[in-house]
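Worksheet for the structure shown next.
The values are calculated or read from the model by the stated rules, or taken from the named source; none is laboratory data. Owing to the predicted nature of the structure, the values given are computational and were not obtained by experimental measurement. Glycine also receives a Cβ, built like all others from the backbone with ideal geometry; neighbour counts cover every protein chain displayed. Heads up: the accessible areas ignore ligands, DNA and RNA and are worked out on the full protein's heavy atoms, side chains in. Shrake-Rupley method; radii C 1.70, N 1.55, O 1.52, S 1.80 Å.
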Amino acid sequence: MRVELDHLFVCTAPGAPEADALIQCGLREGPPNEHPGQGTANRRFFFVNAMIELFWVSDAGEAQNERLRRIGLWERWSQREAGASPFGICVRPVDSEDVGLPFPAWEYRPAYLPDPLVMHIGEAEIDEPLWVYLSYLRRAHREEQFLEHPIGIREITRLTLTTAKPLHSDAFHALVQFGVLSVCEGEAPLLEIEFDNGTRGQSRDFRPLLPLLFQF
């Protein structure tokens, strides 16, 4: 089978005021979203092939519900500056006929997702990104949502993840093998996002506000 990036998320402060930096860079914001039953919400930026999601806990009590303990969203968000990875990497199949899973995973059925749809979550510690497989999504969904950006960028073409220590999960190794992302070690978590194959030779660093670096 083949998989590709569907979207990525970055944990932010409540309300994601950090989104303003992306808007000032020249991105056009899409509609926000809430996740009933999960206690989280987001602000979103759509591209031809993928989405960037700025993600926060909007209801701490709901996010700490026992049935959500395994996915660890509260822990990941509340410890985003204390050793937890602030990222989630969500992939989808390239081909509609693909069946099976790209990595060992368990089923997660959030309250807001209609039956029979299900997410598959790769087992990993919270110092790794949350690895998610979305078998029901296709590139066409993102193409329909795409909004032209004033800066002119259209497509995410490469991800490079910087981590403070080596990652070991099966999901991580699978996604590197599939070419979804590459990895290097550094002092702090960082996600470099290349757009349109970096044809302009320009970059924008959003640190320390967001652990993101754009190449376009």
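Please count how many residues of segment 134-185 are among the polar types (S, T, N, Q) and open to solvent by less than 40 Å² (accessible area, probe 1.4 Å).
4
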For this session: Identify, by number, the condition in (1) at pLDDT 95 or above; (2) out of contact with any Leu (no Cβ under 8 Å at 6 or more places or on another chain); (3) more than 20 Å from VAL94 (Cα to Cα) that VAL176 doesn't meet.
Result: (3)
For this session: Scan segment 104-118 for residues that are touching a residue at least 24 places away in the same chain (Cβ under 8 Å) and open to solvent by 10 Å² or more (accessible area, probe 1.4 Å) and report the count.
Result: 6
Exercise. Can we say TRP74 is open to solvent by 20 Å² or more (accessible area, probe 1.4 Å) and either farther than 30 Å from ARG154 by Cα or at pLDDT below 95 (or both)?
Worked result: yes
Problem set entry | Yes/no for TRP106 being aromatic (Phe, Trp, Tyr) and either modelled with pLDDT under 95 or over 26 Å from HIS149 (Cβ atoms) (or both) | yes
Seminar exercise, completed: When ILE193 is run through (1) of a type in the set (A, V, I, L, M, F, W, C); (2) touching a His at 6+ places or on another chain (Cβ under 9 Å); (3) within 18 Å of PRO211 (Cα to Cα), the failure sits at (2)
Exercise. Which condition number does ALA60 fail, the rest of (1) farther than 18 Å from PHE214 by Cβ; (2) open to solvent by less than 10 Å² (accessible area, probe 1.4 Å) being met?
Worked result: (2)
Seminar exercise, completed: Being touching a Pro at 6+ places or on another chain (Cβ under 9 Å) and small (Gly, Ala, Ser) narrows ALA140, ALA171 down to just ALA171
Seminar exercise, completed: Of the candidates GLY122, GLY88, GLY83, the one satisfying the condition of being out of contact with any strand residue (DSSP E or B) (no Cβ under 8 Å at 6 or more places or on another chain) and open to solvent by less than 70 Å² (accessible area, probe 1.4 Å) is GLY83
Exercise. For the subset of segment 91-103 comprising residues that are more than 16 Å from the chain's Cα centre (by Cα) and among the aliphatic types (A, V, I, L, M), which member is surrounded by the fewest Cβ atoms within 10 Å (Cβ to Cβ)?
Worked result: VAL99
For this session: Output yes when any residue across segment 193-204 is of a type outside the set (Lys, Arg), open to solvent by 60 Å² or more (accessible area, probe 1.4 Å), modelled with pLDDT of 95 or more and under 18 Å from VAL10 (Cβ atoms), and no when none is.
Result: yes
Seminar exercise, completed: Of the listed residues (VAL48, VAL10), the one being modelled with pLDDT of 95 or more, within 29 Å of PRO102 (Cβ to Cβ), crowded, with 17+ Cβ neighbours inside 10 Å and of a type in the set (A, V, I, L, M) is VAL10
